Amino acid sequence: MAPTEILARQHFETLAGSLAAEDIKAVLLTGRDKGALREEKLTDLASGAAQIAVGTHALFQNDVIFQSLRLAVVDEQHRFGVAERQRLQAKGEAVHLLAMSATPIPRTLELTLYGDLDVSRIDEKPPGRSPVVTRAVPMNRVNEVETRLRQVVRDGAQAFWICPLVSDSELVDLKAAETRATELRALIGEGVGLVHGKMPGPEKDAVMADFADGKIRILVATTVVEVGVNVPNATIMVIEQAERFGLAQLHQLRGRVGRGLRESACILLYDPPLSETAQRRLDILRRTDDGFLIAETDLELRGGGDSLGLRQSGFPAYVLQIPSPIGI
């Protein structure tokens, strides 16, 4: 199970060929499946004709029945709520759970502390990945960033520009993705694309395909590209209003670049003055790209939530007391 259709399709395309060679049938189930096609996939899962399902939140809907679910793999687990993961596990009996994330959320670290999860840690980059230089830049220098971006794009690079909102809001003074895309087109030309979660699926797929093919040089987006986007030629990530994003989000977004051999950079644009918490978030990102160290800082800043309930951040209202050994 993956949090976005883009990532689910990527996993399915990676797995389907190898599984088919072993005569194992896999199906892809997302919210886009409707009518007879969806019914056919649900029938295959219920009968056991399909042994593996790859999908999004569609996997734990009430009408999805597995003949004998034994293993649930949740990718980017920080994007799912506790109840959502439990709904998937409830589709079978004694279902084993493998939860994966580049940046474990605070609650996950707290659960490992109390022994509810075993941890396997991969602390090296895949072959062919380059380091990402991370810089924090105040918003009053955004024109300098735009000018520099125009230069590197002319040299053949590709870039992401992340905005917190889709369109302008009267309540929140942030530069919207649509407005930023318009401004960048005026500065750079027609090689600027826009993608966000409110776009229809086929339209979104078309924009992402153009970006992957190099037809789009700068992709302005919301956090819809946080996971599952692999464009090795993209070397620059600009995150606007970075202080308004969580640590896990920032680390995931930064991971969209540095996937090729060229040197990559991540620019964190922020509005000064920063709060102490926001300052610490940006500082840890500048110092390290170790997801576990970033997650530990996130746990310290936000708390692990309620380990006996559903809350995934904050500090518990109870006190855990461990009795001392006799005689001490």
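Annotation note: Cβ proximity below 9 Å between a residue of region 5-24 that is free of Cβ contacts under 8 Å to residues at least 40 places away in the same chain and a residue that is in a loop (DSSP other than H, G, I, E, B) and of a type in the set (Lys, Arg) (sequence gap 6+ or interchain) occurs for 19/25.
Of the helices (runs of 4 or more DSSP H) that lie entirely inside region 164-272, those containing 3 or more residues that are buried (at least 22 other Cβ atoms within 10 Å of the Cβ) span 177-188, 247-254.
Name the pairs: first residue in region 174-194 and assigned by TED's automatic domain parsing to the domain that holds residue 236 and of a type in the set (Val, Ile, Thr), second residue part of a strand (DSSP E or B) and crowded, with 20+ Cβ neighbours inside 10 Å, Cβ to Cβ under 6 Å, at least 6 apart or on different chains? Pairs found: 192/218. Taken together, the residues in region 1-58 that are within 22 Å of residue 92 (Cα to Cα), surrounded by 16 or more Cβ atoms within 10 Å (Cβ to Cβ) and small (Gly, Ala, Ser) amount to 7. Only one of the listed residues (119, 195, 152) is closer than 28 Å to residue 274 by Cβ and of a type in the set (A, V, I, L, M). That residue is 152. Scanning region 17-41 for residues that are more than 26 Å from residue 197 (Cα to Cα) and outside any loop (DSSP other than H, G, I, E, B) yields 17, 18, 19, 20, 21, 26, 40. Screening the candidates 305, 228, 309, 246 for the property of being modelled with pLDDT under 90, in contact with a Gly (Cβ under 9 Å, 6 or more places away or on another chain), under 21 Å from residue 74 (Cα atoms) and not aromatic (Phe, Trp, Tyr) yields one hit, 305.
Residue count for region 16-29 under the criterion of being under 20 Å from the mean Cα position of the chain (by Cα) and at pLDDT below 95: the result is 0.
The values are calculated or read from the model by the stated rules, or taken from the named source; none is laboratory data. Since the structure is predicted, the reported quantities are computational estimates derived from the model, not experimental observations. Counting neighbours? That spans all protein chains shown, and the Cβs are built from the backbone with ideal geometry, glycine included.
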